[in-house]
Amino acid sequence: MNEQALAFGESGALFGILSLPETHDPSRPTVLIPNTGVDHRIGPGRLHVELARALANSGYASLRLDNAELGDSERVPGRASVAYAPDLRSAMDMLDAQTVSSGYVIIGFNSGAHDAHQAARIDPRIVGTAFIDGYCYSTRRSWLSSALHQLTRVNRHAYIPLRPLSRFTPQSGSLLHGVRTEEIRYFRTPSRRQMQVDVIEFMRRELSLLYVYTAQSEGSYIYATQLLDAFPILRTYPQVTLHHLPALEYRYPCRATRETIIKLLLDWVLALPMRAHSR
Amino acid sequence: MPALTRRQRRSYDCSTSRDGLPLATFGMNTPLYFGPAAQPLFGMLHRPVGAMRRTGILICPSWGIEYQRAYRGLRQLAQTLNHNGFAALRFDYSGTGDSGGDSRLVSLEAWLEDTRYAARELRATTGTEYLCVLGLRFGALLAQQAVATGTVLADAIALWDAPPTGAVYVSNLHYLQEELREKMRLQRQRRGASLVQAPDELLCYDWPPALARPTAELAGLREDIANRHIFVSRDRPPPERAQSLRLPDPSHWGDVERLNSPWLPSASFGVVARQLASVLP
C-alpha cells in the first residue's frame with residue numbers, strides 16, 4: 001500500500017490522499033470517500049484512513065478527499081454556491097486522466113451520503129454508492145412508533161422532532177466557534193417525489209446501492225425495513241443492500257464500532273458485481 | 001527506524017510527480033512525507049509568498065478530538081504566519097491523521113521523535129536559521145518536553161492554551177469522557193445504550209498506555225528551559241517567566257457541546273502571528 005497527496009479541481013484547489021494497493025488493478029473501481037461533516041479527510045476517529053488502508057490491502061484504490069473549504073482544500077474559484085457533488089466529479093476527472101480506474105464507488109457518511117447521492121444523480125461513471133446515515137423518510141409505521149414512544153416516555157420535556165426539516169453541516173451552528181452563519185453548509189433532504197425519481201434512475205443505471213442506518217439516525221430511522229416501506233420499488237431491486245444497526249454509533253466511534261463498519265463496507269465493495277469492475 | 005533516504009524521500013515528496021499523477025503543490029502549500037521509511041509522517045509546508053523570515057515555525061497539533069477540531073484552524077494559523085513572513089510546517093504524529101502507523105501502537109516517546117523529524121524537515125526544506133515550536137494544548141506539553149530533553153533544538157516556544165500539567169490535561173479528558181457518556185445516554189432515547197469504550201480508548205481515540213502514562217507525567221511550564229517562552233491563552237494567567245499573549249477568542253476546550261465544532265479563533269491567529277513577527281527574526 002502506498003499513499004499520495006494529490007491536488008485537483010479548478011486551479012488545484014481541492015486536496016485528497018490516494019491510497020493505492022501494492023498491485024493495482026485499474027479495471028477495479030476506485031472508492032471515493034468525501035468528508036463527513038466538517039471533519040477533514042481522515043474522518044471521525046480516523047475512520048476514513050482505516051477504511052482506505054483496509055481497501056488498499058484488499059486491492060482497491062481509494063481517494064479520501066477534502067471538499068472545497070474543508071480540511072486542506074481551498075475555495076473553488078468561480079463557484080458561487082456550496083455544492084460538493086462537483087468536487088467528487090473533479091476527483092473522478094483527475095483519476096480518469098491518470099487512468100487510475102474505470103468506474104467509481106462513493107462511500108459517504110452522513111453529509112457525505114448527501115454528497116454521494118447528489119454525485120450519483122449526475123455522473124454515469126459511478127457504479128456503486130454506500131450511504132451511511134443518509135436520507136431518512138418517515139413511513140406510517142415509523143411515525144406511529146415515534147409518537148407512541150414520545151407518549152410513553154417518562155421524561156417528555158426533552159422532545160426531539162421526528163426529522164428536522166433540513167440537516168446541515170456542521171450539526172450545530174449555534175455552537176460554532178468563530179464561524180459566520182453564511183459559512184455553514186445546509187443541505188436539504190430531497191422531496192419524497194425527487195427521491196423516488198432518483199432511485200428509479202439509480203436502478204435504471206444498475207448502481208450497486210448500500211444503505212446503512214446506525215444510531216446516528218435513531219430519531220429518524222426507526223425500524224429495519226423503513227427505507228423499503230418508504231420506497232417499495234427498491235424491494236424489486238437485487239442490487240440494494242440495507243443494514244439497520246441501531247447499536248452502532250459511528251460519530252463517536254469505539255474501535256469495535258470502526259472495525260464493524262469497515263468490515264461491512266469492505267465486504268460490500270468486495271462483493272460488487274464484476275459488471276461494475278469491467279466498465 | 002531508518003529515516004527516508006533521499007531517493008525514498010523523493011518518492012514520498014508530493015511536490016514530485018509520481019506515477020504520472022498531478023503535483024500536489026497548490027498555492028504555497030506543499031504536502032510532504034518525511035521521517036521513518038516504514039511509517040512516513042505527513043506534513044503540510046506553508047511558505048510565504050514574499051520574503052521569508054529567518055525563523056521557521058513548527059506547529060505541533062493537539063491529540064485526538066482536539067486535533068480533529070483544530071485541523072482547519074491550524075491551517076488558517078499557518079497561512080496567517082505566512083502572511084507575516086514565516087514558513088510553517090504542520091504535521092501529523094505517527095498513527096494519527098494522514099501519517100503512517102497504527103493508532104493503537106503510538107507512544108509519547110515516538111511522538112517526541114516525530115517532532116524531531118519534523119523540525120529537521122522544516123529546516124531542510126526552507127533553510128531557516130531559527131526554529132520556533134508552537135504547540136497547541138497537548139502539542140504545547142509535547143513541544144516543551146521535546147525542547148527540554150534536547151530532542152528538538154528550538155530558539156523559541158509558543159504554548160497555546162497549554163494545560164497546567166499533563167496530569168491536569170489527562171484528568172480533563174476523562175472528565176469530558178464522562179460528560180460525553182452522559183450526553184449520549186440522554187440522546188439514546190430508545191435503548192438507553194451508552195458509550196462503551198475499551199480501557200485504551202478515550203474520547204473516541206486510541207489512548208494506549210505508552211501514550212497515556214507519560215502524558216500524565218508531563219510537567220507544566222518548565223523553568224529549566226532557557227529558550228524564549230511565549231504563553232498564549234485567553235483564560236489562563238501566564239506563569240511569571242513567560243512572555244504572555246492574551247487572546248481575544250475564548251477556547252472552549254472543556255465544553256462537551258463543542259466536541260465536534262471547529263476551532264477557528266480567527267482574530268487570535270492574527271494576534272499571535274503579529275506578536276511572533278514582532279519578537280522573532
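The values are calculated or read from the model by the stated rules, or taken from the named source; none is laboratory data. No experiment lies behind these values; they were computed from the predicted model shown. We place every Cβ from the backbone using ideal geometry, glycine too, and count neighbours over all the protein chains shown.
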How many residues does the range B:131-147 hold that are in a helix (DSSP H, G or I) and not β-branched (Val, Ile, Thr)?
9
Hits in the range B:237-255 (condition: buried (at least 16 other Cβ atoms within 10 Å of the Cβ) and either assigned to a loop (DSSP other than H, G, I, E, B) or at pLDDT 80 or above (or both)):
B:Pro238, B:Pro239, B:Ala242, B:Leu247, B:Asp249, B:Ser251, B:His252, B:Trp253
Mind checking which residues of the range A:219-229 are crowded, with 19+ Cβ neighbours inside 10 Å and either acidic (Asp, Glu) or under 14 Å from A:Tyr135 (Cβ atoms) (or both)?
A:Ser220, A:Tyr221, A:Gln226, A:Leu227
Among the residues that make up the range B:71-92, is at least one of them in a loop (DSSP other than H, G, I, E, B) and within 10 Å of chain A (Cβ to nearest Cβ)?
yes
Given the options A:Gly37, A:Gly16, name the one that is assigned to a loop (DSSP other than H, G, I, E, B), within 12 Å of another protein chain (Cβ to nearest Cβ) and of a type outside the set (S, T, N, Q).
A:Gly37
Take the residues in the range B:60-84 that are over 15 Å from B:Leu264 (Cβ atoms) and within 11 Å of the chain's Cα centre (by Cα), then tell me which one is surrounded by the fewest Cβ atoms within 10 Å (Cβ to Cβ).
B:Gly64
Quick check on the range A:47-74: of everything there that is over 15 Å from A:Ile107 (Cβ atoms) and within 11 Å of another protein chain (Cβ to nearest Cβ), which residue is surrounded by the most Cβ atoms within 10 Å (Cβ to Cβ)?
A:Ser73
Residue that is surrounded by the fewest Cβ atoms within 10 Å (Cβ to Cβ) [pool: residues in the range A:19-34 that are in a loop (DSSP other than H, G, I, E, B) and not polar (S, T, N, Q)]:
A:Glu22
Would you pick out the residues in the range B:148-186 that are assigned to a helix (DSSP H, G or I), at pLDDT 90 or above and surrounded by fewer than 16 Cβ atoms within 10 Å (Cβ to Cβ)?
B:Ala167, B:Val168, B:Ser171, B:Asn172, B:His174, B:Tyr175
Scan the range B:256-275 residue by residue and report those that are out of contact with any Pro (no Cβ under 8 Å at 6 or more places or on another chain) and within 10 Å of another protein chain (Cβ to nearest Cβ).
B:Glu257, B:Arg258, B:Leu259, B:Trp263, B:Leu264, B:Ser266, B:Phe269
Taking the residues in the range B:93-120 that are within 11 Å of chain A (Cβ to nearest Cβ) and within 12 Å of the chain's Cα centre (by Cα) as candidates, determine which candidate is nearest to B:Thr151 (Cα to Cα).
B:Thr96
Could you list, in sequence order, the residues of the range A:38-49 that are at pLDDT below 95 and closer than 20 Å to A:Leu270 by Cβ?
A:Leu47
So which of A:Ile262, A:Ile222 is of a type in the set (A, V, I, L, M), assigned to a helix (DSSP H, G or I) and within 14 Å of chain B (Cβ to nearest Cβ)?
A:Ile262
I'm checking my understanding of the structure. Among residues of the range A:50-109 that are charged (D, E, K, R) and not in a helix (DSSP H, G or I), which one is farthest from B:Arg69 (Cα to Cα)?
A:Arg79
Scan of the range A:4-21 for residues that are touching a residue at least 24 places away in the same chain (Cβ under 8 Å), touching a strand residue (DSSP E or B) at 6+ places or on another chain (Cβ under 8 Å) and closer than 22 Å to B:Ser94 by Cα, ordered by number
A:Leu6, A:Phe15, A:Gly16, A:Ile17, A:Leu18, A:Ser19, A:Leu20
How many of the residues making up the range A:75-91 are away from chain B (no Cβ under 12 Å) and buried (at least 23 other Cβ atoms within 10 Å of the Cβ)?
3
